[in-house]
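The values are calculated or read from the model by the stated rules, or taken from the named source; none is laboratory data. Note that this is a predicted model, so its numbers are computed, not measured. Cβ: placed from backbone, ideal geometry, glycine included. Neighbour counts: every protein chain shown. Remember, those area values only see protein heavy atoms, side chains included, never the ligands or the DNA or RNA. Shrake-Rupley method; radii C 1.70, N 1.55, O 1.52, S 1.80 Å.
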Amino acid sequence: LALANYSADTILVNPTDLHKIALLKNTANDYLRQQIYSGLQPSIMGVPVTASTAVSAGSFLVGNLAVATQLWIRENLAIEFSREDSTNFRDGFVTVKASERVALTNYLPNAIVQGSFATAKAALETA
């Protein structure tokens, strides 16, 4: 990402991978989680890390999403309540339906890098 002249503002990893990273130890047998969790939000080299199941295990996504993408809200949030669904009235339940129409535009695909940890590790070891 730095070679494309972008600085990362977001790292997305699978929750399993984030926990594996937090359980890594250095050569002195100390956990690395103190370097990742300096508060409630985990970060690597100052870049916030977000755990997301949208990223498959063993993979990552790093990007400057503030510059590369734009979220368009096509239709605002709509919330509907109903007691007429199935046996809701008899059982005293209420069905809640929430919907919002959004679109995401990616203006700068070079500002987003995705890959696998295995490939990235192999590239670092041969460099």
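If you check Gly63 against the conditions, is it within 17 Å of Pro15 (Cβ to Cβ) and either at pLDDT 95 or above or charged (D, E, K, R) (or both)? Taking the combined requirement at face value, the residue does not satisfy it. Against the numbered list (1) under 23 Å from the mean Cα position of the chain (by Cα); (2) open to solvent by 80 Å² or more (accessible area, probe 1.4 Å); (3) under 22 Å from Gly63 (Cα atoms), Leu124 comes up short only at (1).
Considering the range 38-69, the residues that are open to solvent by less than 90 Å² (accessible area, probe 1.4 Å) and more than 16 Å from the chain's Cα centre (by Cα) include one that is nearest to Ala103 (Cα to Cα), namely Val67. Yes or no: the range 29-45 includes at least one residue that is in contact (Cβ under 8 Å) with a residue 40 or more places away in the chain and outside any loop (DSSP other than H, G, I, E, B). No, every residue in the range 29-45 fails to be in contact (Cβ under 8 Å) with a residue 40 or more places away in the chain and outside any loop (DSSP other than H, G, I, E, B). Residues being over 16 Å from the mean Cα position of the chain (by Cα), surrounded by fewer than 11 Cβ atoms within 10 Å (Cβ to Cβ) and hydroxyl-bearing (Ser, Thr, Tyr) are entirely absent from the range 2-23.
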